[in-house]
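> Below you will find the structure I want to go over with you.
Just so you know, all these numbers are worked out from the coordinates, no wet-lab data involved. These figures come from a predicted structure and were not determined experimentally. Quick reminder, even Gly has a Cβ in these numbers, built from the backbone with ideal geometry, and neighbours come from all protein chains shown.
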Amino acid sequence: MVSENLKVVEENIIRACERSGRKRSDVTLIAVSKTKPVTMMEEAIASGVSIFGENKVQEILKKQPLLPGGAEWHLIGHLQRNKVRSIAGKVAMIHSVDSLRLAEQIQKEYQIQDLTAKILVEVNIAREESKFGLMPEETEEVIREIAKMPNIKVCGLMTIAPFVQDPEENRIHFKNLRKLLVDINSKNIDNISMMGLSMGMTGDYEVAIEEGATFVRVGTGIFGSRQYGQ
Ligand SMILES: *Cc1c(COP(=O)(O)O)cnc(C)c1O
């Protein structure tokens, strides 16, 4: 099932790239494997996937020893400050930096281990009550502060768009996140030149690619629906 699903997702990505005049190599597929067993992740690897997204620190730490070798891990879920120490150095990128205090904690722990954290700043672009992430108007200010932290490299912005039936409804949010990225880059802040836009999930990754996504985070579309509480 995983390999068939991946074929469909890959074709969809290629077509979205063609529609928007982008190169396939400009878009990185992150296979969101949260709650899914390592056996399914091995299937994904056999079909060419090399990057996994997880939203819980504990789950990453549990799965990593079971999947040795080339896999790359991205943390995409809310990160509590008291978990930063255990994740430091274990993931290629943290997509979900949603406060200055969290960035400060990352700076502290990565400095201790003499590492650099690649991060994305999470923006609540649609201003949803229930969502983590910075408000668009406070994002530049926070990035200016993070830019001073020597052990953090800000690689771009991330958002979780609203849950909608018609993905076209989210186009405006993807457009707005890209605008915000271009706008902040134009301020020529020292150490800030952001290339990354992490946006788009199973329901809307094609629209996100058309609007400039460089990372799409696809779970259900690859691994099937999730069952919680088992
Ligand atoms: C679960 C999750 C995804 C993947 O969602 P699907 O709709 O299953 O593709 C993407 N991003 C984040 C932050 C997630 O938590």
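> Using each residue's phi in region 188-196, evaluate 6.51 cos²θ - 1.76 cosθ + 1.60 at θ = phi - 60° and report the 3J(HN,Hα) Karplus result to the nearest Hz, with x for Gly and Pro.
6, 6, 3, 6, 10, 8, 8, 10, x
> Quickly estimate the mean residue ellipticity at 222 nm for the chain, helices only: each DSSP H run with n ≥ 4 gives -39500 (n - 2.57), and the total goes over all residues, rounded to 500.
-11000 deg cm²/dmol
> Would you mind checking which residues have amide H under 5 Å from SER50's amide H? H placed 1.01 Å from N; only 5 or more apart, or other chain.
Residues meeting the amide H criterion: none.
> Here's a follow-up. Lysine pairs in region 1-68 with Cα distance under 23 Å, only those 8 or more apart or on different chains: how many are there?
Final tally of qualifying lysine pairs is 9.
> Continuing with this model, one more query. Just check region 191-230 against the gyration tensor rule for me: Cα atoms, a ≥ b ≥ c as the square roots of the eigenvalues, rounded for a/c under 1.5, and otherwise prolate or oblate depending on whether a/b exceeds b/c.
Oblate is the answer for region 191-230, as a/c is 1.5 or above yet b/c matches or exceeds a/b.
> Still on this structure, please answer the following. For the chain, take the alpha-carbon Rg, divide it by the Kirkwood Rh, and send me Rg/Rh.
A ratio of 0.95.
> Running a GNM on the chain with Cα contacts under 10 Å, which residue among PRO162, PRO37, PRO68 ends up with the highest mean-square fluctuation?
PRO68
> Charges only on Cβ, +1 for Lys and Arg, -1 for Asp and Glu: so what's the dipole of the chain about the Cα centre, in debye to the nearest 20?
It comes to approximately 560 debye.
> Okay, moving on. Residues with amide H under 5 Å of GLU122's amide H, sequence separation 5 or more or different chain, H placed in the peptide plane at 1.01 Å from N; which?
Result for GLU122 returns VAL97, ASP98, LEU134, MET158.
> Here's another thing I want to ask about it. So which chymotrypsin sites (Phe, Trp or Tyr not before Pro) in region 139-216 are both in a DSSP loop and have at most 16 other Cβ atoms within 10 Å of their Cβ?
PHE163
> Let me ask you something else. Using the Karplus equation 6.51 cos²θ - 1.76 cosθ + 1.60 (θ = phi - 60°), what ³J(HN,Hα) coupling, rounded to whole Hz, does each residue of region 213-227 give in order, writing x for Gly and Pro?
Each residue of region 213-227 in turn: 4, 9, 10, 10, 10, 10, x, 3, x, 9, 9, x, 5, 9, 10 Hz.
> Would you mind counting up the charge near PRO136? Only other residues with Cβ under 14 Å from its Cβ, with Lys and Arg at +1 and Asp and Glu at -1.
Within the 14 Å Cβ shell, the charges total -3.
> Tell me the Rg and the Dmax, in Å, that the Cα atoms of region 124-230 produce.
15.0, 49
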